[in-house]
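Just below is one structure, and these are the notes that go with it.
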Amino acid sequence: MKISFTFRAWISLIFMTSISFAESPKFGLVLSGGGSRGLAHIGVIKVLEKEGYYPDVITGTSMGSVVGGLYAMGYDAPTLEKIAREMDWELMFSDKISRKNIAIEEKEDAERFIVSFPLREGRVSLPRGLIAGYNISNLLSHLTLPVHHIHNFEDLPIPFCCIATDIETGEAVVLKEGYLADAIRASIAVPSVFTPVELDDRLLVDGGIARNLPISDAKEMGANVIIAVDVATPLLDRSQLNSAINIISQTALFQTVANNLEEQQKADILIEPDLGNLAALNFTNTVVDTLIRLGEKAAQEALPQIKALFDSLNIQKKNEVRFIPTTHIDRLYLQNIKIEGLKNVSKELVLSKLQITPPQWITPEELKTSIDRVYGSQFFEQVTYKLEPLNSGGINLVLRVVENQANFLRLGIHYNDYVKSQLVLNVTFRNLLIQGSKFSTDLILGGNPGLNSTYFYYTPWKFAPGAGINIKIQNFTSYLYEHNKRTQELNNRDVSASLVLHSSPMPNAYVRLGIQIDWTRIKPIIGTYPTTKLNLPLTFLRFHHDSYDKRFFPTEGNFIDIQIQRTLKTVTSKDNTFNYHPYSILTIHTKNIITVSKNTALIPSFHLGLSEPKNTPLIHKFYMGGTGIQRMNFIPLYGFQMMEFMGSYLSAFSFSVRNQLTKNNYFTSTINGGIAPDDISHLIKFGKYNTGLSFSYGYDSPIGPILLTLAKNFNRSDIFGHISIGYPF
């Protein structure tokens with residue numbers, strides 16, 4: 001740790017008797033950038049605050065602007081420490097939102113792909129930053145709500161300014177006014193990590209590039225005495241320059257280090273906490289605690305020099321706590337809504353997701369949920385807001401959106417025992433032909449290949465009704481059994497086209513009414529099942545509800561899926577080998593997550609299927625057995641072979657206990673049972689149920705869930721092992 005008592009400070013001490021200030025000296029606190037290392041500033045502020053040394057001016061860059069800006073507006077040191085320790089930093093450095101606020105039509109797409117590439121002008125391109133900064137932007141807006149009415153940052157309880165860099169010119173941009181959350185967000189926009197911020201026709205990035213230690217700016221604001229805290233990442237020595245990444249990082253630091261050295265000479269006291277080589281992007285709980293502690297240690301060691309300097313300059317301690325504005329707002333009175341940035345998406349679509357009807361009282365939490373719903377529509381790469389005070393006492397909500405200008409090429413992979421390896425390539429275009437539309441096509445290669453193409457239009461009306469067209473081509477393998485022995489292996493090719501009307505009466509549910517035509521061909525691979533071709537027109541009504549917080553390993557929420565299908569005509573083969581009269585199919589699936597402790601959840605589920613016996617073709621029978629993702633007419637049943645049971649009726653249940661071992665690691669015990677008879681009376685004969693038990697280890701990996709399962713049934717001695725890797729399609 002370094003503490004510099006500069007030449008300027010000695011001059012002040014020596015000539016104090018001959019210097020006369022027209023007014024009391026102003027103490028300026030200057031906080032540098034440094035990524036997570038900037039959390040050491042909180043430790044320094046804790047010590048200064050405890051001693052009664054409150055700054056008259058604060059300037060900051062990057063993380064120094066976050067800590068400094070929040071401190072200037074009224075958050076004291078203990079509150080800053082609490083925010084830092086309780087922050088979900090991993091979430092802040094992502095654009096993920098609660099799955100509950102993702103549009104119901106987008107939920108599965110949000111958790112199917114491992115990589116996504118923007119398409120611009122027909123070519124794959126790279127985004128301007130890995131992170132759009134949605135979460136950090138809206139957190140800053142939430143934290144700065146109490147001072148949303150202050151435009152000039154010198155009017156904050158402690159005058160403040162922060163530094164950003166104009167990425168076009170490389171010039172330092174001093175941010176002294178505007179919306180505080182915007183200024184801080186611009187100051188922390190690390191190039192290639194966060195997307196730049198456009199303010200006043202300038203494209204701004206992290207201020208550390210131009211001026212990482214803004215001492216000169218504190219002086220311009222009238223500070224006579226400067227305490228500067230420098231936590232910048234030091235240059236690497238030769239032994240550490242052992243990779244291309246480290247060498248590139250080193251070259252990027254040269255300008256920052258040179259500028260820091262120049263600014264350091266202007267400080268009266270320079271504090272450089274001994275942070276070693278702690279990485280600037282390490283925000284683990286242990287590191288956060290260490291950084292704050294090291295900041296305290298450095299400030300404690302600097303206290304003798306600080307006291308000597310302040311006593312010599314007659315800078316008085318402030319025994320009374322400075323004015324701190326209320327940092328909790330119960331509710332806001334919204335009188336109007338303005339939306340900025342719309343080009344192709346309609347205002348009505350945004351309002352339908354926002355679900356706010358001014359004039360209206362709303363809590364900050366409700367406001368955040370509303371903003372999340374707009375972002376969760378997936379039509380925008382960024383959604384931020386600011387509040388404009390009105391003379392009447394209410395506020396205007398200004399919603400600022402950046403539309404997804406790019407279309408996307410996305411990639412997913414999956415492996416399991418049944419389908420083996422799969423690769424999915426997806427292209428998604430929004431606002432194609434019609435505002436508020438989405439065109440998406442999946443090409444599935446490998447096991448069970450297929451094509452799924454959808455064009456959907458979401459109207460801006462209440463409950464977001466819409467209409468869509470879907471064309472699906474799918475090849476999959478099914479099995480027939482006799483006395484637990486697989487006797488037939490069939491290749492199923494299903495081509496369907498459907499026209500759908502859609503409505504979302506609530507955020508996590510939709511109702512769909514549609515008409516569909518299925519062209520199906522069943523051909524034997526092993527066995528003597530006759531080649532069958534069907535042309536089945538049908539209509540359907542579906543209710544789908546999904547409030548899981550995560551698609552895989554959810555900790556709360558429930559799932560309900562109910563569908564009724566009705567074929568529209570009698571289907572007869574040319575040789576009269578089959579004759580299917582119009583029939584109906586009902587399927588019901590439910591699953592609920594019951595949290596019993598922080599790391600334990602109970603998961604009961606129930607499944608029911610009803611159709612007309614002896615009048616249902618193979619393609620519309622119910623299948624049960626093995627593992628895999630649940631479909632409308634397929635239910636996994638641990639402890640049995642894939643699709644071991646088939647019938648015109650189905651009843652099944654499962655009860656799981658899932659324990660979270662450590663972050664992203666889970667252990668699940670499941671007991672399940674079911675029956676798929678052709679006689680409806682068997683559904684209530686529990687003695688005929690096929691039951692099994694399974695134990696699974698799951699890892700929530702960056703490429704999707706990884707599941708290793710051992711399962712046994714209670715009817716036979718069979719033990720089955722299963723593996724699944726990646727997002728299922």
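The values are calculated or read from the model by the stated rules, or taken from the named source; none is laboratory data. The structure presented is a predicted model; accordingly, all values stated were derived computationally and were not measured. Note that we place each Cβ from the backbone using ideal geometry, even for glycine, and neighbour counts take in every protein chain shown. Remember, those area values only see protein heavy atoms, side chains included, never the ligands or the DNA or RNA. Shrake-Rupley method; radii C 1.70, N 1.55, O 1.52, S 1.80 Å.
For the chain, a simple Cβ point-charge model (Lys and Arg +1, Asp and Glu -1, everything else neutral) yields a dipole of about 2820 debye relative to the Cα centre.
Given axes a ≥ b ≥ c from the Cα gyration tensor, I'd like to know whether segment 109-224 is rounded (a/c under 1.5), prolate (a/b larger than b/c) or oblate.
Working: a/c = 2.88, a/b = 1.75, b/c = 1.64.
Since a/c reaches 1.5 and a/b is larger than b/c, the shape of segment 109-224 is classed as prolate.
Under the combined filter of DSSP loop state and at most 14 neighbouring Cβ atoms within 10 Å, segment 269-377 retains these GluC sites (Glu not before Pro): 320. Apply the a/c threshold of 1.5 to the C-alpha gyration tensor of segment 49-95 and tell me whether it is rounded, prolate or oblate. Oblate, since a/c reaches 1.5 and b/c is not below a/b. A Förster radius of 56 Å, combined with the Cβ-Cβ distance separating residue 421 from residue 335, puts the computed FRET efficiency at roughly 0.50. Label-to-label distance, residue 343 versus residue 365, with points set 7 angstrom from Cα along the beta-carbon direction: 3.8 nm. Could you give the distance between the Cα centres of segment 50-97 and segment 343-360, to the whole Å? Using only Cα atoms to place each centre, the spacing works out to 32 Å.
Accessible area of residue 202 (1.4 Å probe, protein heavy atoms only, ligands and nucleic acids ignored): about 80 Å².
Calculate, in nm to one decimal, what residue 390 and residue 88 gain on full extension: separation in residues at 0.36 nm each, minus their alpha carbon distance.
The residue 390-residue 88 span can extend by a further 105.3 nm.
Please list 349, 661 from largest to smallest accessible area, probe radius 1.4 Å, with all protein chains kept in place.
Of 349, 661, the descending order of accessible area is 661, 349.
Extent along the principal axes, Cα only, for the chain: 115, 55, 45 Å, with the longest axis given first. In terms of accessible area, using a 1.4 Å probe and ignoring ligands and nucleic acids, 567, 454 rank largest first as 454, 567.
So, for segment 621-671, what is the accessible surface per residue at a probe of 1.4 Å, expressed in square angstrom?
Working: 1780 Å² over 51 residues.
Dividing the accessible area of segment 621-671 by its residue count gives 35 Å².
At the residue level, residue 556 shows approximately 80 square angstrom of accessible surface with a 1.4 angstrom probe and all protein chains present.
Rounded if a/c is under 1.5, else prolate if a/b is larger than b/c, else oblate: which is segment 324-468, with a ≥ b ≥ c the root eigenvalues of its Cα gyration tensor? Intermediate results must be reported in sequence, preceding the final value.
Working: a/c = 3.08, a/b = 2.17, b/c = 1.42.
Taking the square roots of the gyration eigenvalues as a ≥ b ≥ c, segment 324-468 is prolate.
Overall, the accessible surface of the chain at a probe of 1.4 angstrom is composed of carbon and sulfur to the extent of 57 percent. Can you work out the FRET efficiency for the pair residue 120 and residue 503, with r the C-beta to C-beta distance and R0 = 25 Å, to the nearest 0.05? With a Förster radius of 25 Å, E is 0.15.
Counted over all Cα-Cα pairs of segment 72-169, pairs farther apart than 24 Å make up 47 percent. For segment 207-236 and segment 618-638, what is the separation of their Cα centres, given in Å? With segment 207-236 and segment 618-638 each reduced to a Cα centre, they are spaced 64 Å.
Per residue, what volume in Å³ does the Cα convex hull of segment 401-504 take up? Kindly include the intermediate steps, with their values, before the conclusion.
On the way: hull volume 15.4 nm³, N = 104.
It is 148 Å³ per residue.
With a probe of 1.4 Å, find how much accessible area segment 505-548 has per residue, and write the answer as a whole number in Å².
Numbers: 2170 Å² over 44 residues.
On a per-residue basis, segment 505-548 sits at 49 Å².
So the label point goes 7 Å from the Cα of residue 659 along Cα→C-beta, right? Which residues of segment 697-718 then have their backbone N under 15 Å from it? Counting backbone N atoms under 15 Å from the label point, the list is 697-698.
Label zone (residue 678, point 7 Å along Cα-to-C-beta; backbone nitrogen cut-off 20 Å) within segment 514-528: 522-524, 527-528. If R0 equals 35 Å, the separation of the Cβ atoms of residue 355 and residue 568 corresponds to a calculated FRET efficiency of about 0.40.
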